[in-house]
Amino acid sequence: MTSKPLRLLFVSTPVGPLGTGLGGGVELTLYNIAQEMIRRGHQLQIVAPSGSTWDSLPIVQIPGNLQIIAQSQERTDPITMPENSVLANMWDYARQIQSEYDLIVNFAYDWLPLYLTPFFQRPIAHLISMGSLSNALDQIIKQVAKQFPGTIGFHSLAQAATFTLDEQFFCLSNGIDVSQYEFCAQPKQQLAWVGRISPEKGLEDAVSVAEITNIPLKIMGKLQDESYWQQICQNYPNASFEYLGFLSTSQMQQVVRECRALLMTHRWVEAFGNVAIEALACGVPVISYRRGGPAEIVKDGKTGFLVEPDSIPGLVDAVSRLDEINRHTCRASAETEFSLEALGDRFEQWFMQILNF
Ligand code: HBI
């Protein structure tokens, strides 16, 4: 706990209302850290797009048109804003009420809140939730890192490295409410894949593993790219795989915990990989490409295996070695490094540094 309670204003991602899964990993991060800050006695207000529903969290719903997802754009694309932009509306609201808070925390992977930073009276902490995707966004992140050192937060060193900042930044890792995940000692003969179904997540590689090993694959997550999914269904007629939909945390962990392993087959530098620590919390080993955040989460040979990126034979070999992994070791690593307690300590440390208490 910091010396005194902080008054925190969290401004959410503009790509979808909280609770819909459209915001991907950053939704879970926002929910977890909000919960933990309230538990620690801080005052908290969340600003999010209309339609956000989330338990008892205090959310101000802002209307407006959603922002298109950054990963669907080209690196050289100009920044685009829809008319009646929910992103602009959320930050206009934050501007109006900023004096009631000590610190504003930005969860959007977007240009506007970074550009607005010097125009605000209150400090803004920017949690950058993905690796580098856009030249215009890279540039404004560099600018804010230079002008406001320490206010840029990342989830992993690999993610930070994609922005080549020479300024100091803060590495938050990530964390989950481990008590939401139930350990399972005896899994079924099945594998899990969890994530937004979109090309950058490389689902087809996991389906290949299911076809080669003849172990059924359970797929969960937001079906973001319909044509990509249809392509996979056509290209792997002999593989045994089943799409279970976008499940709540509790439903998802009920399936994952009974799997022999979670496969992570991402093509891009995954900023962190929340699903990796969710699987570990269930005692489930993680088999992941050695790329991005998961390479800083999985202890090779201890809590899973790190595989040469894009090597399907590497994934298949790791599956054959799963009996070398002790599922209790997986659970223990989630409890020590990735708990809400550990995450809360890192966020408080970041906030206090920015407020230079
Ligand atoms: N795209 N424009 C934009 N803004 C976001 O906040 C955003 C996104 N794409 C994906 C995303 N956020 C989250 O799914 C990731 O941060 C996890």
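The values are calculated or read from the model by the stated rules, or taken from the named source; none is laboratory data. The structure displayed is predicted, hence computed values, not measured ones. Glycine gets a Cβ as well: all are built from the backbone with ideal geometry, and neighbour counts include every protein chain shown.
Quick one: in the stretch 10-41, of everything that is touching a strand residue (DSSP E or B) at 6+ places or on another chain (Cβ under 6 Å) and of a type in the set (Val, Ile, Thr), which residue is nearest to ILE176 (Cα to Cα)?
ILE38
Out of LEU114, LEU9, report the one residue that is modelled with pLDDT of 95 or more, touching a His at 6+ places or on another chain (Cβ under 8 Å) and more than 21 Å from SER198 (Cβ to Cβ).
LEU114
Filter the stretch 115-126 for residues that are surrounded by 23 or more Cβ atoms within 10 Å (Cβ to Cβ) and either outside any strand (DSSP E or B) or touching a residue at least 40 places away in the same chain (Cβ under 8 Å) (or both) and give the result.
Answer for the stretch 115-126, where residues must be surrounded by 23 or more Cβ atoms within 10 Å (Cβ to Cβ) and either outside any strand (DSSP E or B) or touching a residue at least 40 places away in the same chain (Cβ under 8 Å) (or both): just ALA125.
So that you can scan it fast, the table gives a plain yes or no per residue for (1) of a type outside the set (Ser, Thr, Tyr); (2) out of contact with any helix residue (DSSP H, G or I) (no Cβ under 7 Å at 6 or more places or on another chain); (3) at pLDDT 95 or above; (4) not assigned by TED's automatic domain parsing to the domain that holds ALA145:
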{"position": "LYS188", "(1), (2), (3), (4)": "yes, yes, yes, yes"}
{"position": "GLU200", "(1), (2), (3), (4)": "yes, no, no, yes"}
{"position": "THR213", "(1), (2), (3), (4)": "no, no, yes, yes"}
{"position": "LYS218", "(1), (2), (3), (4)": "yes, no, yes, yes"}
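Do we find that GLY344 is under 18 Å from the mean Cα position of the chain (by Cα) and in a helix (DSSP H, G or I) in this structure?
Taking the combined requirement at face value, the residue satisfies it.
So is SER72 free of Cβ contacts under 8 Å to residues at least 40 places away in the same chain, away from the ligand (no atom under 13 Å from the Cβ), more than 21 Å from ILE354 (Cβ to Cβ) and among the hydroxyl-bearing types (Ser, Thr, Tyr) or not?
The answer is no for SER72.
Could you list, in sequence order, all residues of the stretch 128-151 that are in contact with a Leu (Cβ under 7 Å, 6 or more places away or on another chain) and of a type outside the set (Gly, Ala, Ser)?
Hits for the stretch 128-151 are ILE140, ILE141, LYS142, VAL144.
Scan the stretch 259-285 residue by residue and report those that are more than 16 Å from the ligand (Cβ to nearest atom) and not in a loop (DSSP other than H, G, I, E, B).
Across the stretch 259-285, the qualifying residues are ALA261, LEU262, LEU263, ALA279, LEU280, ALA281.
Checking the condition surrounded by fewer than 16 Cβ atoms within 10 Å (Cβ to Cβ) and farther than 27 Å from ILE33 by Cα, which residue from ASP317, ASP345 passes?
After applying the criteria, what remains is ASP317.
Show the residue pairs that are 6+ apart or on different chains and have beta-carbon atoms under 6 Å apart, the first residue being within the stretch 277-294 and within 12 Å of SER333 (Cβ to Cβ) and surrounded by 24 or more Cβ atoms within 10 Å (Cβ to Cβ), the second being at pLDDT below 95 and among the hydrophobic types (A, V, I, L, M, F, W, C).
Partner pairs satisfying both residue conditions: ILE277/ILE176.
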